[in-house]
Amino acid sequence: MSQKRTGGTLTEMKLVRVTALLLLASPATAQAAAPTLVARDVPLQAERSLTETAPRFTMAGLHWQGAGSVEFRTRGVGGRWSGWRPAAPEDDRPDRGGSEPVAPSGWRIGNPYWTGLSDRLEVRTRGTVRRVRAFYVSSLPERVPPRTVSAAAAPAIVPRLSWGANESIRRASPSYADAVRLAIVHHTAGSSSYTRAESAAIVRGILIYHVQGNRWNDLGYNFLVDKYGQVFEGRYGGMERNVIGAHAEGFNTGSVGVAVIGTYGAAGISAAAREALVSLLAWRLDVAHVNPLSTLTAISGGNERFPRGVPVFLRAVAAHRDTGLTECPGDALYAQLNELAGETSRTGLPKLYAPDVRGAVGGPVRFTALLSAALPWTVTVTDAAGNRIATGTGMGPGVDWTWDASAAAPGTYFWAIEGGGRLLPASGTVGGKAAALAISRAVASPAVVSPNGDGYADTTTISYFLAAPATVSATVAGATLFSESKPAGEHNFGFAGETLPDGAHTILLRARNGTEVTAQVPVVVNRTLGYARVESPLVSPNGDGRLDSVRATFLLGASADVRLRVLREGKWVANVFNGPLAVGEQTLAWDGRKPHGPLRDGAYELELTATNATGVVSQRVPVLVDTQPPAARLLSLTPLRVRIGEPGRLVVKVNATWSTIDRAKAGVVTIPSPAVLRSVRVVVRDLAGNAAEPLTYP
């Protein structure tokens, strides 16, 4: 957000107090509701006046008309007033001339400030201010912390679905740049005294202010980072795609905007925020193949500081103040940017920078790129069918290879520059329009995923066949899972679905190489059944009082019809239970028998199945039926040795002394004994508690 540089004498101060009277529940006790925004014009006719009632709020922002400036302060529900804050004209704006309005006609727009739960706002003006409009945002914390997703090599990111973005208020589909050339760092302004639970509420509040207050298409930033190290997906359209934001007027196209939540004029960002910011920048610039320490000349799209068409020298990790008339991201954070860029350049190595292709099919085509270190590299050219046409290799800090395409048939060819290991490859096309491609054999295995952390079906594998090289992305519920260059052939990736609610979902696979194709993969998320386990995997139903039954314990996340049955080699052998059960931990017992008698010894599985409106989900737990005593034989007295036929416990009495020996495998056990051996008694029990006939002497 912006704190605009101003000059001149401050005059003609007016003070207006606005009281908010509508009651809302405290965030500590209420279930978080969808954020709301209420706009009220502030009367400026009197030195002090009250408006009509306005709601309690957690965030506030001001719009005003006139060349003067506006400041405001807010009162918390406990009666304490904040310090005065500049409303600060926004330089976080869309680019001029596009379909997204820069500002409401005739109005200057200020930053949204997180205030915490407040009930009064006071405004004072300096200079010529004809009209002031206050926007009150109520955005309360959620009780449940938002879940994160992790793309390959990316930090954990809270997707829009998890932080509660209201997708229905977005005004237009996202726009995309051809490439990302730099990252622009911001702070959001507002209080830095927020809790971890309030961070998502702040992001929701900024979204509704930007869309319903400023009339922008969506949240202005591409990403937001809080002081606790949480990273939030910002503007809709894909975290790996070149989404054009509304964060730096004149420089939105070709940049990614990252805002640290809070104000950082006097104090720098926290260690957790710094680590998260570095990880985010390292990953996102790597996706764009941009060196964080590089510089560039960007052509301004037009703003108050740089008119349209003016070339501006910028660093790849730039500050908002480098592009416009603003103090953002604050003096303290600005002073940290050079160190942050250095840390970013050292994170996630090795890397490939600035891939470039010059030439055309029918003549020489030159491929160049820079590497973060001297590495072995390969350039591969394939045709639309995936056949390798040419390959170049080398070793060093730079890629430079020319393909003699003078004899190549006209058409589209696909290229990839790779360095092996963790290096993110670069890819593209040469020779004209990309040929048609296809995604086939797209399937999830298993089709039902249960991301409850119990280790059973917590993830699924999505596999697909790509007919030609392309950039492939996967999205679900508006969140991007990855966007990467892929060669033709079979591919797969893991998916947990931990951010999704229970129910049926669709993963959308999209491949682009000049044209675009898609495929849909249905996945069901079902957390109804989890944490199935048995107290002991052994059951010995022989009536000796030891492990005569087995108890299966499991957790139901929702009420369901539950069935417990016994399988041997995948085939049904016994039904144990079939009926409705409620939410919570449940236990069912099995006596190791089938309806008409005992089962023979061997390996079995207990299969739990839960069925409700979400669908059907099951888990299997292995058990071993063992009713037979172990084989045991006394081999010798001097030394005292016993052979056992399976793992177990030996209870030994030598003369008048008792001892216990546990053995994890079958074989000969040597028992310590005195020089004079008067009597011996050995009882061998297997792990199921079955006892062999005692071995005795004399």
Checklist entry - Relative to the longest principal Cα axis of the chain, at what angle does helix 271-287 sit, 0 to 90 degrees, rounded to 10? => result 80
Item to check | Projected label distance in nm at residue 176 and residue 308, using a 7 Å step from Cα toward the beta-carbon | outcome: 2.6
Checklist entry - Can you give the accessible area per residue of the chain, in Å², using a 1.4 Å probe? => result 43
Item to check | Lys/Arg +1, Asp/Glu -1 at C-beta; the chain dipole; positive extreme among 695, 290, 525 | outcome: 695
Next on the checklist: Assuming 0.36 nm per residue, please report the length gained on full extension of the stretch residue 406 to residue 533 beyond their Cα-Cα distance.
Outcome noted: 39.1 nm
Checklist entry - Which whole-number percent gives the relative contact order of the range 197-262, counting Cα pairs below 8 Å spaced six or more residues apart? => result 29
Checklist entry - Which length gain, in nm to one decimal place, applies between residue 643 and residue 601 when the Cα-Cα distance is subtracted from 0.36 nm times their residue separation? => result 12.9 nm
Checklist entry - Relative to the first principal axis of the alpha-carbon coordinates of the chain, what is the inclination of helix 331-345, with its axis defined by its Cα atoms, in degrees from 0 to 90 and to the nearest 10? => result 50
Checklist outcome for this item: The set of residues whose placed amide H lies less than 5 Å from the amide H of residue 599, leaving out same-chain residues fewer than 5 positions away, is 594
Checklist outcome for this item: Around residue 438 (Cβ within 14 Å, Cβ-to-Cβ, excluding residue 438; K/R +1, D/E -1) the net charge comes to +2
Checklist entry - Please report, for the Cα atoms of the range 520-657, the Rg to one decimal and the Dmax as a whole number; what are they, in angstrom? => result 20.3, 75
Item to check | For the range 218-292, radius of gyration divided by Kirkwood radius, i.e. Rg to Rh on alpha-carbons | outcome: 0.96
Checklist entry - For residue 487, what is the net charge nearby, where nearby means another residue's Cβ is under 14 Å from its Cβ and Lys, Arg count +1, Asp, Glu -1? => result -2
Checklist entry - Rg/Rh for the range 487-582: what does it come to with C-alpha atoms and Rh from Kirkwood? => result 1.18
Checklist entry - Quick one: Karplus J couplings for the range 247-264, per residue in order, coefficients 6.51, -1.76, 1.60, θ = phi - 60°, nearest Hz, x for Gly and Pro? => result 10, 8, 3, x, 9, 6, 6, x, 10, 10, x, 10, 10, 8, 6, x, 10, 9
Checklist entry - So how much slack lies between residue 34 and residue 559, counting 0.36 nm per residue of separation and subtracting their Cα-Cα distance, in nm? => result 186.3 nm
Checklist entry - Angle between the Cα long axis of helix 199-208 and the longest principal axis of the chain, 0 to 90 degrees, nearest 10? => result 40
Checklist entry - Ignoring ligands, DNA and RNA, what percent of the 1.4 Å accessible area of the range 422-474 is carbon and sulfur? => result 57
Item to check | Global geometry of the range 622-673, whether rounded, prolate or oblate, following the gyration tensor of its Cα atoms and the 1.5 cut on a/c | outcome: prolate
Item to check | Two-site label geometry, residue 458 and residue 395: point separation in nm, points 7 Å out along Cα→Cβ | outcome: 4.2
Next on the checklist: From the protein chains alone at 1.4 Å, what is the descending order of accessible area for 343, 516, largest first?
Outcome noted: 516, 343
Checklist entry - How far apart, in nm, are two points set 7 Å out from the Cα along the Cα-to-Cβ line at residue 80 and at residue 548? => result 6.6
Checklist entry - Given charges of +1 on the Cβ of Lys and Arg and -1 on the Cβ of Asp and Glu, with all other atoms neutral, how large is the dipole of the range 283-328 about its Cα centre, in debye to the nearest 20? => result 60
Next on the checklist: Rounded to the nearest 20 debye, what is the charge dipole size of the range 658-698 about its Cα centre when +1 sits on each Lys and Arg Cβ and -1 on each Asp and Glu Cβ?
Outcome noted: 100
Checklist entry - For the range 463-542, what is the relative contact order in percent, using Cα pairs closer than 8 Å and at least 6 residues apart in sequence? => result 27
Next on the checklist: Once ligands and nucleic acids are excluded and a 1.4 Å probe is used, how much of residue 404 is accessible, expressed in Å² to the nearest 10?
Outcome noted: 110
Checklist outcome for this item: Rg (one decimal) and Dmax (whole number) from the Cα set of the range 110-246, in Å, equal 16.0, 53
Checklist outcome for this item: Diffusion coefficient in µm²/s returned for the range 181-315 by Stokes-Einstein, Kirkwood Rh over C-alpha pairs, 4 °C and 1.567 mPa s, is 83
Next on the checklist: Students often check this: by mean Cβ neighbours within 10 Å, which of 251-260, 577-586 ranks highest, and how do the rest follow?
Outcome noted: 251-260, 577-586
Checklist entry - Out of residues 5 or more away from residue 59 or on other chains, whose amide H comes under 5 Å of its own, with H placed 1.01 Å from N in the peptide plane? => result 115, 137, 139
Next on the checklist: Please list 3J(HN,Hα) in residue order for the range 555-562, calculated via the Karplus relation 6.51 cos²θ - 1.76 cosθ + 1.60 where θ = phi - 60°; whole Hz, with x for glycine and proline.
Outcome noted: 10, 9, x, 8, 4, 7, 7, 10
Next on the checklist: Applying a 10 Å radius around every beta-carbon, put 204-210, 461-467 in order of their mean neighbour count, most first.
Outcome noted: 204-210, 461-467
Checklist outcome for this item: Per-residue ellipticity at 222 nm attributable to helices in the chain (runs of n ≥ 4 DSSP H, -39500 (n - 2.57) apiece, nearest 500 deg cm²/dmol) works out to -2000 deg cm²/dmol
Checklist entry - Once amide H atoms are built 1.01 Å from N in the peptide plane, which residues 5 or more positions from residue 257, or in another chain, come under 5 Å H to H? => result 184, 222, 223
Next on the checklist: Per residue of the range 296-301, what does 6.51 cos²θ - 1.76 cosθ + 1.60 with θ = phi - 60° give for ³J(HN,Hα)? Whole Hz please, x for Gly and Pro, Karplus curve as stated.
Outcome noted: 7, 10, 9, 8, 5, x
Checklist entry - When the dipole is taken about the Cα centre of the range 396-483, and only Lys, Arg (+1) and Asp, Glu (-1) are charged at their Cβ, what size is it in debye, to the nearest 20? => result 220
Checklist entry - By the scheme Lys and Arg +1, Asp and Glu -1, what is the net charge of all other residues having a beta-carbon under 12 Å from that of residue 685? => result -3
Next on the checklist: At a threshold of 8 angstrom on Cα-Cα distance, excluding pairs fewer than six apart, so keeping six or more, what relative contact order does the chain reach in percent?
Outcome noted: 8
Next on the checklist: I'd like to know which of 640, 247, 225 lies farthest towards the positive end of the charge dipole of the chain, counting +1 on Cβ of Lys and Arg and -1 on Cβ of Asp and Glu.
Outcome noted: 640
Checklist entry - Beyond 44 Å, what percent of the Cα pairs of the chain remain? => result 44
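The values are calculated or read from the model by the stated rules, or taken from the named source; none is laboratory data. It should be emphasised that the depicted structure is a prediction, and the values quoted were computed from it without experimental measurement. Glycine also receives a Cβ, built like all others from the backbone with ideal geometry; neighbour counts cover every protein chain displayed. Remember, those area values only see protein heavy atoms, side chains included, never the ligands or the DNA or RNA. Shrake-Rupley method; radii C 1.70, N 1.55, O 1.52, S 1.80 Å.
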